[in-house]
Amino acid sequence: MGMVHETAIALEVLRASQETLAQHGGGKLVRVKVAVGELSAVLPELLIYAWEAAAAGTSAKGAALEVEFCPAVQRCPSCGPVARQAGVWVPLCPACGSPLQVEGGMELDLLQVEFEPDGGGCEPDR
Ligand SMILES: [Zn+2]
C-alpha cells in the first residue's frame, strides 16, 4: 500500500543500473547506491523493499540497494544555513527572524553501480 511511487523509482533505478552495466560490457549487479533527498517523498526503507521486489526474477536478483539520505538545508538570506534535525522544520531564522529558504533535499540520483564482470569466478546461477 502506498508503494507506487517507490516501485516506479525502483524500476527506474534498475533500468538505469542495467544500462550502466551494459555500457561496461555486462555482468551481474552486486550493489547499487542511490541518493534520496529528504523532500523527494521517497521512504528509503520502502524503496529498498520495492527494489528487492523489482530485482527478483531479473538478472539483478540479490543485488543490494544502498540509500544515501540527503537532508534538506534551511538557509537564512542574512545568516546562512540554520541547524536543524531531519524532519524538523525551523519556521524562522532563530538569529534574526527572517523567513528561511530551503536548499537541496530533492536528490534522486544513481550514485554508484557495482557489478561482477561476466566470467568473473562465480558459478552460473541457474
Ligand atoms: Zn537570520
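The values are calculated or read from the model by the stated rules, or taken from the named source; none is laboratory data. Computed from a predicted structure; not experimentally measured. Heads up, the Cβs are rebuilt from the backbone with ideal geometry, glycines too, and the neighbour counts pull from every protein chain shown. Each accessible area value is taken on the protein alone, full model and side chains, heavy atoms only, with ligands, DNA and RNA left out. Shrake-Rupley method; radii C 1.70, N 1.55, O 1.52, S 1.80 Å.
The listed residues are VAL102, VAL88, and the only one of them that is open to solvent by 20 Å² or more (accessible area, probe 1.4 Å), away from the ligand (no atom under 15 Å from the Cβ) and more than 28 Å from GLN18 (Cα to Cα) turns out to be VAL88.
Determine which member of the set PHE115, PHE69 is within 20 Å of the chain's Cα centre (by Cα), within 22 Å of GLN23 (Cβ to Cβ) and surrounded by 13 or more Cβ atoms within 10 Å (Cβ to Cβ). First the steps, then the outcome.
On the way: PHE69 fails: within 22 Å of GLN23 (Cβ to Cβ).
Matching residue, one of PHE115, PHE69: PHE115.
Considering every residue within the stretch 33-47, establish whether at least one is within 16 Å of the ligand (Cβ to nearest atom) and within 23 Å of the chain's Cα centre (by Cα). No: the stretch 33-47 contains no residue that is within 16 Å of the ligand (Cβ to nearest atom) and within 23 Å of the chain's Cα centre (by Cα).
Considering only strands (runs of 3 or more DSSP E) fully contained in the stretch 43-99, which possess at least 1 residues that are farther than 25 Å from PHE115 by Cα?
Details: elements: 64-70, 73-76, 80-82.
Because the criterion is at least 1 residues that are farther than 25 Å from PHE115 by Cα, the strands (runs of 3 or more DSSP E) in the stretch 43-99 that meet it are 73-76, 80-82.
Could you please give the count of residues in the stretch 72-85 that are farther than 18 Å from GLY37 by Cβ and open to solvent by less than 80 Å² (accessible area, probe 1.4 Å)? So that I can check it myself, show each step before the final result.
Within the stretch 72-85, the first condition is being farther than 18 Å from GLY37 by Cβ, and the residues that meet it are 76-80, 83.
Still in the list and also open to solvent by less than 80 Å² (accessible area, probe 1.4 Å): 76, 79-80.
Here the count works out to 3.
Out of all the residues in the stretch 62-78, is one or more at positive phi and within 16 Å of the ligand (Cβ to nearest atom)? No, the stretch 62-78 contains no residue that is at positive phi and within 16 Å of the ligand (Cβ to nearest atom). Look at LEU11 and say whether it is among the aliphatic types (A, V, I, L, M) and at pLDDT 95 or above. When the stated conditions are applied, LEU11 passes them. I'd like to check something: does the stretch 108-119 contain any residue that is over 30 Å from VAL30 (Cβ atoms) and among the aromatic types (Phe, Trp, Tyr)? Checking the stretch 108-119: not a single residue is over 30 Å from VAL30 (Cβ atoms) and among the aromatic types (Phe, Trp, Tyr).
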